[in-house]
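Nothing in this text is a laboratory measurement; each read-out follows from the coordinates by a stated rule. Here the structure is a predicted model, which is why all the values come from computation and not from measurement. Backbone-built Cβ (ideal geometry, glycine too); neighbour counts: all protein chains shown.
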Amino acid sequence: MKLTKVAGEDPDCDSGDCANVFTTDQPGKIAVQGYLIDHPAPEGEAVVTIPERVLREAARALGW
């Protein structure tokens, strides 16, 4: 799957590459890189958090 970063750069991230939003090469699919939290999810899935500002930045970048 090809990912293209559209938003991210959480200033609270120690590595400088966390909490990002990507478009994918699959129509209608968005990928999110965030902070894994302990919350039940079906096998093969995970629940993550991202800062609200990153989500707002992605919405603006995508013209939503």
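Sequence gap at least 6, Cα distance under 8 Å: using those rules, report the relative contact order of region 3-61 to the nearest whole percent. Each step should come with its number before you reach the end.
Values: 100 pairs, mean separation 19.0, N = 59.
For region 3-61, the relative contact order is 32 percent.
State the label only: which of (1) 73; (2) 66; (3) 50 corresponds to percent of Cα pairs over 16 Å apart computed from the shown model?
Computing percent of Cα pairs over 16 Å apart and matching it to (1) 73; (2) 66; (3) 50 gives (3).
Skipping prolines and chain starts, which residues have an amide H placed within reach, meaning under 5 Å, of the one on Val6, given they are 5 or more residues away or on another chain?
Amide H to amide H, under 5 Å and 5 or more residues apart or across chains, Val6 pairs with Val21, Phe22, Thr23.
What's the exposure ranking of Cys13, Cys18, going from fewest to most Cβ atoms within 10 Å? Let's see the in-between values first.
Details: Cys13 14, Cys18 17.
Ranking Cys13, Cys18 by Cβ neighbours within 10 Å, fewest first, gives Cys13, Cys18.
Choose one of Val48, Ile37, Leu3: the residue whose Cα lies farthest towards the positive end of the charge dipole of the chain (beta-carbon charges +1 Lys, Arg; -1 Asp, Glu; about the Cα centre).
Leu3
To make sure I understand, if each residue's beta carbon is the centre and we count other beta carbons within 10 Å, what order do Thr23, Thr49, Thr4 fall in, fewest to most?
Values: Thr23 16, Thr49 12, Thr4 9.
By the 10 Å Cβ count, ascending: Thr4, Thr49, Thr23.
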